[in-house]
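For reference, the structure discussed in these notes is given below.
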Amino acid sequence: MNTLANPARPVHACTRHLAHAAALLLLVWVFAGCHRTPAEQQVREAIDAAAAAARTNDTHGVLDVVSDDFTGNEGELDRRGLRQLLAVRALRGDKTGLLVGPVSFEHRGDRIVAKFNLVLTGGKPGDLLPEQSAIYAMTTAWRREGGEWKCYSAAWTR
């Protein structure tokens, strides 16, 4: 409706409505920005994403949540070694089920330690992972890198 042609609705009334609409949009934007996924949930989602990638032998999917300076079991495995292990599994077509148990979190400054049990199942004779099943107690350390949580250290025991 043209407000200039309608003297019953002055121009300043439209300006006021636009100002109210803009203020409402600003409030919605501010409140939407206040809602951030908790750090623990982000780490849990990264663990789940890595587990899903490992089930399908998606090397890059697993490495997406691992930092460049990753170390496993106090130096037994680094990022390069992990990449090689995953690539060999993928090339061989190894099939291993992978279940992640409940995760507990401990904050250490700006880092998080996540502990959980990892159950590996299935496989076939000759696979790099067990034919039946194995349970590993996992302790993983996470830090923010470029807005994402990355695992920079992991230790496991059977």
Net charge of neighbours whose Cβ lies under 12 Å from the Cβ of Val43, counting Lys and Arg as +1 and Asp and Glu as -1: +1
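What is the packing order of peptides 112-118, 142-148, taking the mean over residues of other C-beta atoms within 10 Å and listing the highest first?
On the way: 112-118: 17.7, 142-148: 12.9.
By packing density, highest mean first, the sequence is 112-118, 142-148.
Within the set of other residues whose C-beta is less than 13 Å from the C-beta of Thr59, count the net charge using Lys and Arg as +1 and Asp and Glu as -1.
On the way: positive: Arg55, Arg79, Arg80, Arg83, Arg89, Arg92; negative: Asp58, Asp64, Asp94.
Computed value for this residue: +3.
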Say a paramagnetic label sat at a point 7 Å from the Cα of Ala137, along Cα to Cβ; which residues of the stretch 75-117 have their backbone N under 17 Å from it? 101-106, 113-117
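Which shape class, rounded, prolate or oblate, goes with the stretch 49-123 when its Cα gyration tensor gives a ≥ b ≥ c as root eigenvalues, a/c under 1.5 marks rounded, and past that a/b bigger than b/c marks prolate? Before the final figure, lay out the partial values.
Working: a/c = 2.13, a/b = 1.36, b/c = 1.57.
Because a/c hits 1.5 or more and a/b fails to exceed b/c, the stretch 49-123 counts as oblate.
Taking 0.36 nm per intervening residue step and subtracting the Cα-Cα distance, what contour gain separates Glu74 from His107 on full extension?
Numbers: separation 33, 0.36 × 33 = 11.88 nm, distance 2.05 nm.
Taking 0.36 nm per residue and subtracting the Cα distance, the gain is 9.8 nm.
So what is the relative contact order for the stretch 39-157, in percent, with contacts set as C-alpha pairs under 8 Å and at least six apart? Let's see the in-between values first.
Values: 228 pairs, mean separation 29.3, N = 119.
Dividing the mean separation by the residue count of the stretch 39-157 yields 25 percent.
Values quoted throughout were computed directly from the atomic coordinates according to the rules given, and no laboratory measurement underlies them. Since we're looking at a predicted model, the values are computed, not measured. Here Cβ is always computed from backbone atoms with ideal geometry, including for glycine, and neighbour counts include all displayed protein chains.
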